[in-house]
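Here's the structure we're looking at; comments come further down.
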Amino acid sequence: MPIDPTRPTSAMSLTAQTAGEHLRNLAAGEITAVELTRDYLDHIASIDNRVGAFLRVDADVALTQAAEIDARRSKGQPVGRLAGLPVAVKDNLCERGQLTTCASRILANFRAPYDATVIAKLRAADAVLIGRTNLDEFAMGGSTETSAFQLTRNPWDLERTPGGSSGGSAASVAAGMSPLAIGSDTGGSIRQPAGLCGIVGMKPTYGRVSRFGLVAFASSLDQIGPFGQSVEDVALLLETIAGHDPRDSTSLNAPVPPYSQSVNKPLTGLRIGWVREHFGPGLDAEVETAVRAALDIYKSLGATLHEVSLPHSKYAVATYYVIAPSEASSNLARYDGVHYGDRTDEKEMLAELAADRKRLEAAGDRAGLDDLDSALVRMYRRTRANGFGPEVKRRIMLGTYALSAGYYDAYYLKALKVRRLIRQDFDRAFEKVDLIAGPITAAPTFKLGEMAGDPLAMYLLDLYTVSANLAGIPGLCLPCGQSESGLPIGLQLQAPALEEDRLLRGAQMYEQATNWHKNRATL
Ligand code: GLN
């Protein structure tokens with residue numbers, strides 16, 4: 001990557017400026033797309049060795065895109081709505097001709113043959129695709145630590161996790177390495193890292209954004225969404241990527257409102273619900289104080305506060321950890337070294353097979369010879385044993401178990417029934433309130449390695465996020481405070497399905513009334 005040490009660093013202004021501000025400067029000709037892209041590339045080059053947000057940055061591709069956009073603009077030709085703005089993309093979205101690794105060894109060399117719809121939409125909007133961000137392997141995790149390739153650190157405290165699974169995208173925006181980023185959220189993977197990194201992140205309604213070209217984790221829960229430094233930026237990016245797509249059969253055929261235009265219209269008569277079950281034991285005192293203060297802000301803005309109950313939310317984590325691994329075990333079956341994925345070293349494998357056969361023949365072990373795997377089965381086995389990391393294997397085993405004959409009714413089918421009850425809880429709550437507000441995580445970000453070896457503790461961290469995925473509703477997280485040690489605290493807002501407009505406007509009301517979003521991590 002080209003670094004020019006003589007150029008003055010504009011890191012401070014980069015982290016302070018929102019996408020909206022950059023777009024105004026670009027349109028006014030105060031900065032070119034090439035200059036802006038170069039500023040971000042330089043900033044990445046100077047700090048990402050400490051943060052680890054990016055798996056790959058292709059400076060040449062980004063600068064070529066930027067130059068092409070500048071050329072069109074200077075000729076007075078039309079440019080897209082994000083023209084010249086760098087966007088970082090989680091490495092589980094297919095980008096034609098580029099590596100799409102899902103932070104897994106099994107896809108370490110996989111080049112996508114086509115663009116995901118979201119990538120195509122970003123290109124059509126003339127965004128500059130600046131790089132690919134780190135994630136938990138196949139988006140399974142909440143700390144980005146299950147990535148097969150590298151750790152990502154929280155820009156607020158490099159000893160701590162940025163959250164996950166979209167930790168690279170969140171850290172990139174929080175550290176000013178890209179004004180916007182794309183993530184995916186199956187059980188919280190956009191909202192939780194946004195909260196832990198002090199930025200804004202949103203999971204849209206299931207089906208609002210096309211999943212075509214998103215490498216599937218749990219297909220009935222996965223949803224792509226935006227990260228930004230402000231609610232306005234997130235509205236702008238959502239507006240760019242949302243919409244019906246015939247190539248995704250679960251895509252919703254509903255018009256996309258102009259979110260970025262309406263976001264500044266405050267909601268009148270707003271009824272905010274707070275969930276009784278969300279303020280129980282286990283909630284960190286500083287988080288509780290910050291969230292309650294946020295509710296008071298809404299009150300001061302004219303909203304009314306209402307206690308609501310989501311009685312089945314106590315089953316949400318258990319339900320999610322049956323459904324998500326079940327779908328994952330099926331989705332990940334395709335990585336067999338034949339259809340997709342790196343294949344085990346065949347020479348080595350065939351030599352091992354021959355040696356085993358010889359040993360069994362010498363021992364006259366007929367049963368052993370009968371049981372000997374064929375070359376093909378052995379290839380599958382070795383490919384998957386070497387290609388997947390421990391968390392992915394754990395999920396495949398959990399899911400295969402839950403789906404197997406004799407257990408299906410007890411686990412998977414039961415989980416589907418509870419999922420319906422969780423959805424009904426939200427339906428009932430939303431009869432009384434317009435938005436639900438509460439914590440995004442029970443505590444601020446934790447130390448890297450702190451949860452290692454305790455998968456259950458990791459799963460339990462998803463308490464406040466998985467319900468929205470199970471119910472299919474949109475959720476947004478924005479900064480609402482800081483712990484005494486200076487770590488960000490996030491506020492989650494949730495709305496009924498397809499009410500992103502309401503969600504964004506409600507979030508914007510809070511953002512306008514407070515200064516938390518102006519705090520920046522300093523590296
Ligand atoms: N932490 C959750 C999990 O590990 C959510 C992941 C996600 O949303 N991709 O499954």
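The values are calculated or read from the model by the stated rules, or taken from the named source; none is laboratory data. Note that the coordinates shown come from a computational prediction; the quantities given were computed from them, not determined experimentally. Virtual Cβ from ideal backbone geometry, glycine too; neighbours counted across all protein chains shown. Ligands, DNA and RNA are excluded from the accessible area calculation, which covers all protein heavy atoms including side chains. Shrake-Rupley method; radii C 1.70, N 1.55, O 1.52, S 1.80 Å.
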Report summary line: To the nearest 10 degrees, the tilt of helix 285-300 (Cα long axis) against the first principal axis of the alpha carbons of the chain is 40
Query raised in the report: Tilt of helix 390-403 relative to the longest C-alpha principal axis of the chain, in degrees (0 to 90, nearest 10)?
Result: 80
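What size of dipole, in debye to the nearest 20, comes out for the stretch 380-503 about its Cα centre when the only charges are +1 on Lys and Arg C-beta atoms and -1 on Asp and Glu C-beta atoms? Could the numbers behind the result be given before it?
Numbers: 15 positive and 13 negative charges, 174 e Å.
With Lys and Arg at +1 and Asp and Glu at -1, about 840 debye.
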Query raised in the report: For the peptides 115-122, 326-333, what is the packing order when you average, over each peptide's residues, the other Cβ atoms within 10 Å and list the highest mean first?
Result: 115-122, 326-333
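Using 0.36 nm times the number of residues separating E159 and L456, minus their current alpha carbon distance, what extension gain do you get?
Details: separation 297, 0.36 × 297 = 106.92 nm, distance 2.19 nm.
The span from E159 to L456 would gain 104.7 nm if fully extended.
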Report task. Write down, largest first, the equivalent ellipsoid semi-axes of the stretch 254-337 in whole Å, where each equals the square root of 5 times an eigenvalue of the alpha-carbon gyration tensor. Result -> 35, 24, 12
Query raised in the report: How much accessible surface does S143 have with a 1.4 Å probe, in Å² rounded to 10?
Result: 0
Requested in this report: For K265, list the lysines whose Cα falls under 18 Å from its own Cα; do not include residues on the same chain fewer than 8 positions away.
Outcome: K299
**Report entry** Amide hydrogen neighbours beyond the local backbone of G475, cut-off 5 Å, H modeled
**Finding:** K203
Query raised in the report: Across the stretch 336-345, in residue order, what do the Karplus-derived ³J(HN,Hα) couplings come to in whole Hz, using 6.51 cos²θ - 1.76 cosθ + 1.60 with θ = phi - 60° and x for Gly and Pro?
Result: 10, x, 10, 5, 9, x, 5, 9, 4, 5
Report task. Identify, among Y259, N386, L463, the residue whose Cα sits farthest towards the positive end of the charge dipole of the chain, taking +1 on the Cβ of Lys and Arg and -1 on the Cβ of Asp and Glu, with the dipole about the Cα centre. Result -> Y259
Report task. Please state the charge dipole magnitude for the stretch 118-163, taken about the Cα centre, from unit charges on C-beta atoms (+1 on K and R, -1 on D and E), reported in debye and rounded to the nearest 20. Result -> 240
Requested in this report: Out of all DSSP beta bridges with both ends in the stretch 190-311, state the antiparallel percent to the nearest 5.
Outcome: 40
Query raised in the report: Which entries in K121/K203; K90/K203; K90/K447; K90/K121; K203/K447 show an alpha-carbon gap greater than 21 Å?
Result: K90/K447; K203/K447
Report task. In whole Å, largest first, what are the principal axis extents of the Cα atoms in the chain? Result -> 83, 57, 46
Requested in this report: Mind ranking 75-88, 206-219 by how tightly packed they are, going by the mean number of other C-beta atoms within 10 angstrom, highest first?
Outcome: 206-219, 75-88
Requested in this report: Show V392, V61 ordered by accessible area, largest first, where the area counts protein heavy atoms only and the probe is 1.4 Å.
Outcome: V61, V392
Query raised in the report: How far, in degrees from 0 to 90, does helix 59-74 lean away from the longest principal axis of the Cα atoms of the chain, to the nearest 10?
Result: 40
Report summary line: To the nearest 20 debye, the chain has a Cα-centred charge dipole, built from +1 on Lys and Arg Cβ and -1 on Asp and Glu Cβ, of 720
Query raised in the report: Y408 to A67: extension gain in nm, 0.36 nm per residue of separation minus the Cα-Cα distance?
Result: 117.3 nm
Query raised in the report: What share of the DSSP beta bridges in the chain is antiparallel, in percent to the nearest 5?
Result: 65
Requested in this report: Give a residue-ordered list of calculated ³J(HN,Hα) values for the stretch 224-232 (Karplus: 6.51 cos²θ - 1.76 cosθ + 1.60, θ = phi - 60°; whole Hz; x for Gly, Pro).
Outcome: 8, x, x, 10, x, 8, 8, 5, 4
Query raised in the report: Among I422, Y335, G486, whose Cα sits farthest toward the positive end of the charge dipole of the chain (+1 at Cβ of Lys/Arg, -1 at Cβ of Asp/Glu, about the Cα centre)?
Result: I422
Query raised in the report: Using modelled backbone amide H atoms (1.01 Å from N, in-plane), which distant-in-sequence or interchain residues come within less than 5 Å of E450's amide H?
Result: none
Query raised in the report: With the dipole of the stretch 78-148 worked out from charges on the C-beta (+1 for Lys and Arg, -1 for Asp and Glu) around the Cα centre, which of S104, A120, N134 lies farthest toward the positive end?
Result: A120
Requested in this report: Compare the peptides 489-497, 150-158 by average per-residue count of other Cβ atoms within 10 angstrom and give them in order, highest first.
Outcome: 489-497, 150-158
Requested in this report: State log₁₀ I(q)/I(0) for the stretch 298-457 at q = 0.14, 0.16 Å⁻¹ as given by the Debye formula over alpha-carbon point scatterers of equal weight, solvent excluded.
Outcome: -0.96, -1.08
